[in-house]
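In what follows, a single structure is set out as structure tokens and then discussed.
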Amino acid sequence: MKLNRRTFSQSLALSAIAATATGAFSAGAFAQSFSPADLHSAPAIGDKTLGPDDASVIVVEYASATCPHCAAFHNGTFKELKSEFIDTGKIKFISREFPLDDLALAGFMVARCVPDDKYFGMLDLIYEQQRTWAGQNARTELLKMAKLAGLSEADFDACLKNEDLAKGILAIRKDGAEKFDVKATPTFYVNGKKLEGNRDIAGFRKAIEAAASS
């Protein structure tokens, strides 16, 4: 069975969970006040991070694997952010999943299933090849990328049927929407201060410098 927007739910044992992932936010959902410490606390399934844990500035991203604006960020500004601030140890970067549809959930599940040291490499592939895999041949294209990261086809299929993993990702999305006022992707927080949209490196530089000096 091809994994695409229409058949993804039927291809998983998690169809009900996947449906929850792609539904609209509850009309009663609203943002609570929160501290940076609340935001920076790792979810139950753990955070995926780059940079030093003791950095004075922490950047959190909420993104969807099928979001074109997220892909534009990762294929452009993120590379500059990584070179200037992450690789130099100036910030800690936290990647949080906020799937907006079935395919985004699948992509994030696969990224979580590859070896830990290949997670961000898998994300790079997901965003670089978004137009290729987020369509009619999603299963085939995701499997190709998963194999590059070391997963067998059996591992890949088992990953997409991992109920605990799906629930963990959906919990991140739920907390993002209900606790941290995430309304769109990508959404960023720099030491708790919200930045929405695909900002250029100048915007991040200004926000990071302000956070570092406060």
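The values are calculated or read from the model by the stated rules, or taken from the named source; none is laboratory data. For clarity, every value in this text was computed on a predicted model and none was experimentally measured. All Cβ positions, glycine included, derive from the backbone under ideal geometry; neighbour counts span all protein chains shown. Only protein heavy atoms, including side chains, enter the accessible area calculation; ligands, DNA and RNA are left aside. Shrake-Rupley method; radii C 1.70, N 1.55, O 1.52, S 1.80 Å.
Which value, in debye to the nearest 20, gives the size of the charge dipole of the chain about its Cα centre, when Lys and Arg are +1 and Asp and Glu are -1 at the Cβ? Let's see the in-between values first.
Values: 26 positive and 27 negative charges, 98 e Å.
In total the dipole reaches around 480 debye.
Binning at 5 Å from 0, report for the range 156-196 what percent of all alpha-carbon pair distances ends up in each bin.
The distribution over the range 156-196 is 6, 20, 22, 18, 12, 12, 8, 2, given as percents.
Which order do 38, 53 take when ranked by solvent-accessible area (1.4 Å probe, heavy atoms of all protein chains), largest first?
Values: 38 80, 53 120 Å².
Correct descending sequence by accessible area is 53, 38.
Using a probe of 1.4 angstrom, how much of the accessible area of the range 79-209 is carbon and sulfur, in percent?
On the way: 2610 of 5690 Å².
Carbon-and-sulfur percentage of accessible area, whole number: 46.
Which entries in the list 92/206; 174/194; 147/174; 92/147 go over 27 Å, if you measure between the two C-alpha atoms of each? Present the calculation step by step, with values, prior to reporting the outcome.
Working: 92/206 16 Å; 174/194 17 Å; 147/174 30 Å; 92/147 29 Å.
Over 27 Å apart, Cα to Cα: 147/174; 92/147.
Can you show me the helix-derived [θ] at 222 nm for the chain, built from DSSP H runs with n ≥ 4 at -39,500 (n - 2.57) apiece and divided by the number of residues, rounded to the nearest 500.
Working: 12 runs with 104 residues, N = 214.
Calculated from helices alone, the mean residue ellipticity at 222 nm is -13500 deg cm²/dmol.
Just add up the charged neighbours of residue 41: K/R +1, D/E -1, any other residue whose Cβ is under 12 Å from the Cβ of residue 41.
On the way: positive: 96, 179; negative: 38, 47, 175.
My count for the surroundings of residue 41 gives -1.
If you add up the charges near residue 165, with Lys and Arg at +1 and Asp and Glu at -1, over every other residue whose beta carbon is less than 12 angstrom from its beta carbon, what do you get? If you can, show how the numbers build up before the last one.
On the way: positive: 112, 161, 167; negative: 97, 163, 164.
Here the count lands on 0.
Counting Lys and Arg as +1 and Asp and Glu as -1, what is the net charge of the other residues whose Cβ lies under 15 Å from the Cβ of residue 202?
0
Are there any chymotrypsin sites (Phe, Trp or Tyr not before Pro) in the range 25-106 that are in a DSSP loop and have at most 12 other Cβ atoms within 10 Å? List them by number. Each step should come with its number before you reach the end.
On the way: sites: 25, 30, 34, 62, 73, 78, 85, 93; in loops: 25, 30, 34.
Filter output for the range 25-106: 30.
Taking amide hydrogens as modeled 1.01 Å from N in the peptide plane, which residues meet the under 5 Å criterion relative to residue 57, leaving out close sequence neighbours?
92
Could you give the semi-axes, largest first, of the ellipsoid that matches the range 42-87, computed as the square roots of 5 times the alpha carbon gyration tensor eigenvalues and rounded to whole Å? Walk me through the intermediate numbers first.
Details: eigenvalues 77, 56, 10 Å².
With the √(5λ) rule applied to the range 42-87, the semi-axes are 20, 17, 7 Å.
Just to confirm, what accessible area per residue do you get for the range 162-214 at 1.4 Å probe, in whole Å²?
Value for the range 162-214: 49 Å² per residue.
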